[in-house]
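Heads up: the structure comes next, in structure tokens.
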Amino acid sequence: MKKKEKKKSKKNVIVQRITIDEKLSEDLIRLLISPLKRGIKKFRDRMEYWEEEKEELVRLDSFAKKMGIPFSEKKKWKWENLREGQVYLSGSFDIVDIKKPPGKFEVNPKRKEFLSIDALAKKDIKKLYFRVLGRG
């Protein structure tokens with residue numbers, strides 16, 4: 001893929017699911033980034049809505065841009081607060097209902113959001129765990 005095509009395809013990604021995978025050093029973190037599947041308008045934090053995760057290495061000077069943190073919110077999201085296992089949504093979406101898991105979201109090209117969804121992701125993992133054990 002040519003450089004210009006790569007940039008264009010990245011801009012077409014409307015919403016991303018970002019997981020802080022591993023802190024490799026004080027100034028290097030590995031992210032796992034999954035774009036929302038094409039054609040999806042309403043979604044939740046469930047695997048069927050997301051493309052395969054891809055690894056992305058980020059440094060202090062590039063993490064906000066790579067994660068899609070809006071410029072107006074950069075002070076809110078600090079490098080030193082990033083921890084392994086944290087999960088975020090980034091991109092053009094509205095929050096439809098986040099009060100009861102699993103949260104509901106909807107694509108909205110007029111919006112730019114960045115949201116921590118750790119609680120939702122952890123509840124889904126817990127449900128799956130108990131289902132596998134035969135208790136859920």
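The values are calculated or read from the model by the stated rules, or taken from the named source; none is laboratory data. Just so we're clear, the structure is a prediction, and the values are computed from it rather than from any experiment. Note that we place each Cβ from the backbone using ideal geometry, even for glycine, and neighbour counts take in every protein chain shown.
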(request) Being surrounded by fewer than 16 Cβ atoms within 10 Å (Cβ to Cβ) and among the polar types (S, T, N, Q) is the filter here, so list the residues in region 32-69 that pass it. (result) 62
(message) Here's a check for you: in region 91-132, which residue that is of a type in the set (Ser, Thr, Tyr) and modelled with pLDDT of 65 or more is nearest to the chain's Cα centre (by Cα)?
(response) 116
